[in-house]
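Q: Below are the structure tokens for one structure; questions will follow.
The values are calculated or read from the model by the stated rules, or taken from the named source; none is laboratory data. Worth saying up front: this structure is predicted, and the values here are computed from it rather than measured. Here the Cβ is made from the backbone with ideal geometry for all residues, glycine too, and neighbour counts use every protein chain on show.
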Amino acid sequence: MTIEIELKFIATPQAAGKLAELLSTLPHQHQAARELTNIYFETDDNQLRRWDMGLRIRGVDQRYEMTLKAAGQTLGGLHQRPEYNVELSEPVLDIARLPAEIWPQGTDVAALQPRLQPLFTTHFQREIWLITTGNSEIEVAFDQGEVTAGDLSEPLCEIELELKRGERQDLLAFAQQLVALGGLRMGSLSKAARGYQLAQGNPPRQIQPFPLLKAGAKATVEQGMVAAMSAGLHHWQYHEEVWLRGNAAAQDAVREALDLLRQAFSLFGALVPRKASSALRQQLTTLEETLVNEEQDAATFCLSSLSVETQLALTHWLAESQWRQWIDAKGEAKLQGSYKTLQRHYAEPRQCRSGEKRSSR
């Protein structure tokens, strides 16, 4: 098993054209573009999806590999998932060769095998650079092709950064250089997620309300803060995708996400020094003010340097716990306090104010 750590970006052709020039300035090894074909498997009731698993066979140069990706974490465009790979002599699924312990308890692997059928495919050209930056090696992959399910398909044009060796900090730092090229946006949706959407008939993505935060009974204030801001970032990126696909009403949901993120920084401002987030808060404010214009073009906003750099900076801030450099022992004790207690503390004044309003009627 390996833990795959990667950042995904959706690229415009213009950005892709600048990629090689940027990478030529760094120590690197280059691999010319090769054709990759991937077949993704699923049961008729989406059992793997419900387990948060993805299963595929990849073919390249007459060599085949079966890969199962297990449940992991996605933050912004940063994806971290356990991955299991098995070499195959031919493109025939054989899940008995995967480690038995990866399946949920009680899974009958022999019974599951015949239920798994091809659901969608991806076909793309992949060009690879292995670069050295900081103390790390990062694989930069440029993919161009399409994802197909039945009669439906959509184009792929992506840049993926995968940490092969070293520190996640170096991966995120290099990503800052990459987004300076322009013409990129963070990819919160994997190729598999896009394939599942097509396999369902590609229904329009709907505008969603902001979800209720569900923190564990023993969640700390710090964990609650990360959960709240991660949810805000997800809300932003989801509705960015909806907006770019033609639903102009999603602009309001993007603005709502920006406002919620600013509110989250205010809520936790008494616990995390404001200087730890001053640049981020200013970026969020500027973006929100931009969306006051009802005529704002989705592509212009979503591909703007400020939008992409803010998403990446927030991802970096959360993934690397960047506020901690500003925290003293007293602040640490507050962050390790109970999130449930904090919620009650802020809820009680609102409840009192509601009661006063009712009494005054």
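Q: Need at least 2 residues that are of a type in the set (Phe, Trp, Tyr) and modelled with pLDDT under 95 per element, so show me which helices (runs of 4 or more DSSP H) inside the stretch 293-361 make the cut, counting only ones lying wholly within it.
A: Of the helices (runs of 4 or more DSSP H) lying wholly inside the stretch 293-361, those with at least 2 residues that are of a type in the set (Phe, Trp, Tyr) and modelled with pLDDT under 95 span 339-359.
Q: Ok, one more. Test of understanding: among 160, 146, 222, 154, which residue is outside any helix (DSSP H, G or I) and touching a helix residue (DSSP H, G or I) at 6+ places or on another chain (Cβ under 7 Å)?
A: Matching residue, one of 160, 146, 222, 154: 154.
Q: For residue 74, are the conditions met, namely being modelled with pLDDT under 95 and of a type in the set (Val, Ile, Thr)?
A: Taking the combined requirement at face value, the residue satisfies it.
Q: Checking the condition farther than 22 Å from residue 303 by Cβ and free of Cβ contacts under 8 Å to residues at least 40 places away in the same chain, which residue from 105, 117 passes?
A: Among 105, 117, only 105 is farther than 22 Å from residue 303 by Cβ and free of Cβ contacts under 8 Å to residues at least 40 places away in the same chain.
Q: Can you name every residue in the stretch 15-29 that is outside any loop (DSSP other than H, G, I, E, B) and either at pLDDT below 95 or within 26 Å of the chain's Cα centre (by Cα) (or both)?
A: 15, 16, 17, 18, 19, 20, 21, 22, 23, 28
Q: Need the failing condition index for residue 9 against (1) among the aromatic types (Phe, Trp, Tyr); (2) touching a strand residue (DSSP E or B) at 6+ places or on another chain (Cβ under 8 Å); (3) over 26 Å from residue 174 (Cα atoms), just the number.
A: Condition (3) is where residue 9 drops out.
Q: Still on this model: Give 231, 298 a once-over and let me know the one that is within 17 Å of the chain's Cα centre (by Cα), of a type outside the set (Lys, Arg) and surrounded by fewer than 20 Cβ atoms within 10 Å (Cβ to Cβ).
A: Numbers: 298 fails: within 17 Å of the chain's Cα centre (by Cα).
Sole residue among the options that is within 17 Å of the chain's Cα centre (by Cα), of a type outside the set (Lys, Arg) and surrounded by fewer than 20 Cβ atoms within 10 Å (Cβ to Cβ): 231.
Q: Those residues that are surrounded by 15 or more Cβ atoms within 10 Å (Cβ to Cβ) and not charged (D, E, K, R), I need them from the stretch 175-192; list them, please.
A: Listed by number, the residues that qualify are 175, 178, 179, 181, 183, 184, 186, 187, 188, 189, 190, 192.
Q: A further question follows. Just wondering, is there one or more residues in the stretch 204-212 that are in the same structural domain as residue 15 (by the TED database), in contact (Cβ under 8 Å) with a residue 12 or more places away in the chain and touching a Phe, Trp or Tyr at 6+ places or on another chain (Cβ under 9 Å)?
A: No, the conditions are met nowhere in the stretch 204-212.
Q: In addition: Does the stretch 225-233 contain any residue that is in the same structural domain as residue 317 (by the TED database) and out of contact with any Leu (no Cβ under 7 Å at 6 or more places or on another chain)?
A: Yes: the stretch 225-233 contains one or more residues that are in the same structural domain as residue 317 (by the TED database) and out of contact with any Leu (no Cβ under 7 Å at 6 or more places or on another chain).
Q: In this structure, is residue 272 at pLDDT 95 or above and assigned by the TED database to the domain that holds residue 299?
A: Here the answer is no, as residue 272 does not meet what is asked.
Q: If you take the residues of the stretch 5-24 that are hydrophobic (A, V, I, L, M, F, W, C) and under 13 Å from residue 127 (Cβ atoms), which of them is surrounded by the most Cβ atoms within 10 Å (Cβ to Cβ)?
A: First, pick out the residues of the stretch 5-24 that are hydrophobic (A, V, I, L, M, F, W, C): 5, 7, 9-11, 15-16, 19-20, 22-23.
Then keep just the ones that are under 13 Å from residue 127 (Cβ atoms); that gives 11, 16, 19-20, 23.
Working: 11: 24, 16: 19, 19: 18, 20: 14, 23: 18.
Per the stated criteria, the residue is 11.
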